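What follows is one structure encoded as structure tokens, with my remarks underneath.
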Amino acid sequence: MNPHSYSSLIKAEAQRLGFDFCGFAKAEFLEEEAPRLEQWLLQNRHGKMKYMENYFDKRLDPRKLVDGAKSVVSLLYNYFPSQNQLHDDAPKISKYAYGTDYHFVIKEKLKELLDFIHEEIGDVHGRAFVDSAPVMDKAWAKKSGLGWVGKNSNLINKNNGSFFFIAELILDLELTYDSPIEDYCGTCTQCIDACPTEAIIQPYVVDGSKCISYFTIELKDEIPADVKGKFSNPDSSGSGWVFGCDICQDVCPWNRFSKPHHENQFNPKSGLMEMTKKQWHEITEEVFKKFFHDSAVTRTGFKGLKRNLEFLNETS
Ligand code: B12
Ligand code: SF4
Ligand code: SF4
């Protein structure tokens, strides 16, 4: 077998496992990203996400994560839901957090893909990553031709939009590499115009420390007073966000092409979509556990969610 047949084998198995797209890039130093990441960190765009300062060199070079790495296999996994929260005035959570935490779901699939590679191809050394190590997920997916990085800084696929998780395998196996595609943002600025906290400070650059996702998930301290009243959609319809934020993706015209996912584990627990504003504000630890015990919402926890709800309440 040769790199071309290995590539076809891996792509077919990835599809069988439920990944929507799979592409390959040569494992090398991320030359274009290096000065941009450095600037982003120097300007403190990561705020209190100190983990972003760690492993600067590894983050930019997959060969420092896996000895002898030759290829990065990038994989997209769709999480676009078929149902949304029923009540417009209820506090909003990001679509990615409706069901079981993606880290668990995708890790299992990556393990299966690695096992398949070992069985079918042989002695390949590799590691699997899903937002679990210093890897620049979007940069690799872009290099592998799975989409372009839009002005909202998310990876967008021309056929399916941006509601995807990105995962990788880094392998010491040579493959046939894919080519990046064009940027299809054109003159559009809808995401920049819609962001209520002005976190997209220039096209393609998000100041992480100004993003609602940062305030509601990553920040452990009190949410700063200067963003009070800014967690709602731009037309101020409905309630605000209490876990993550989807605004810059919801307004993106390419997300008209999003199709519902087929992953049962991403479906919300029964009753979650029907929660009313009152029920959200009165949520108990018991109800929190019922809905979110295995969800990404555990990252902020019951205490964090209560802080976010109170922050909304103070401003509404
Ligand atoms: C830190 C982080 C955050 C932070 C900071 C966001 C950010 N944009 O960096 C916060 C908490 C705010 C966040 C929020 C979200 N995140 Co996040 N996050 C990450 C994480 C862990 C690292 C991202 C990173 O490396 N940032 C560092 C900066 C420097 O990188 P960057 O934003 O890509 O910056 C590039 C551009 O700015 C560009 N650039 C800079 N200057 C210039 C100039 C020009 C001219 C050009 C063209 C480009 C350019 O170069 C930079 C380097 O490549 C990744 C997982 C991972 N390991 O990669 C997930 C990840 C990016 N997040 C993800 C998701 C889903 C989200 C949210 C949608 C969640 C939500 N609903 O709330 C939001 C979206 C917010 C947004 N618009 O970006 C997904 C994105 C999937 C996709 N389709 O792209 C990822 C890939 C996780 C995953 N594995 O699926 N996130
Ligand atoms: S996720 Fe929300 S707050 Fe963050 S950049 Fe997008 S619109 Fe702005
Ligand atoms: S809203 Fe427009 S500018 Fe923003 S990412 Fe989508 S296409 Fe690009």
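General remarks:
- Val135 being within 13 Å of Cys248 (Cα to Cα), within 9 Å of ligand 1 (Cβ to nearest atom) and at pLDDT 95 or above: no
- Note on the range 166-224: residues that are surrounded by 19 or more Cβ atoms within 10 Å (Cβ to Cβ), assigned to a loop (DSSP other than H, G, I, E, B) and touching a strand residue (DSSP E or B) at 6+ places or on another chain (Cβ under 7 Å) amount to 5.
- Gln249, sole failed condition from (1) crowded, with 19+ Cβ neighbours inside 10 Å; (2) near ligand 1 (Cβ under 8 Å from one of its atoms); (3) more than 17 Å from the chain's Cα centre (by Cα): (3)
- Residues (under 24 Å from the mean Cα position of the chain (by Cα) and crowded, with 19+ Cβ neighbours inside 10 Å) located in the range 263-290: Phe266, Pro268, Leu272
- Residue in the range 189-204 that is closer than 18 Å to Asn154 by Cα, more than 11 Å from ligand 1 (Cβ to nearest atom) and of a type in the set (Ser, Thr, Tyr) present: yes
- Of the helices (runs of 4 or more DSSP H) that lie entirely inside the range 1-93, those containing 2 or more residues that are modelled with pLDDT of 95 or more and surrounded by 20 or more Cβ atoms within 10 Å (Cβ to Cβ) span 3-16, 56-60.
- Hey, Phe243 under 30 Å from Lys107 (Cβ atoms) and of a type in the set (A, V, I, L, M, F, W, C) or not: yes
- A Cβ distance below 6 Å, combined with a sequence gap of six or more or placement on separate chains, defines the contacts here; from the range 62-80, residues that are polar (S, T, N, Q) reach residues that are crowded, with 19+ Cβ neighbours inside 10 Å and not in a loop (DSSP other than H, G, I, E, B) in the pairs Ser71/Phe24; Ser71/Leu171; Ser74/Gly23; Ser74/Trp140; Ser74/Ala141; Ser74/Glu168; Asn78/Phe164.
- Residue under evaluation His293, criteria (1) surrounded by fewer than 17 Cβ atoms within 10 Å (Cβ to Cβ); (2) in contact (Cβ under 8 Å) with a residue 12 or more places away in the chain, criterion not met: (2)
- When Gln202, Gln249 are checked against the criterion of being at pLDDT 95 or above, out of contact with any helix residue (DSSP H, G or I) (no Cβ under 7 Å at 6 or more places or on another chain), polar (S, T, N, Q) and within 16 Å of ligand 3 (Cβ to nearest atom), a single residue qualifies: Gln202.
The values are calculated or read from the model by the stated rules, or taken from the named source; none is laboratory data. What you see is a predicted model; the values in this text were computed from it and never measured. Note: ideal-geometry Cβ built from the backbone for every residue, glycine included; neighbour counts use all protein chains shown.
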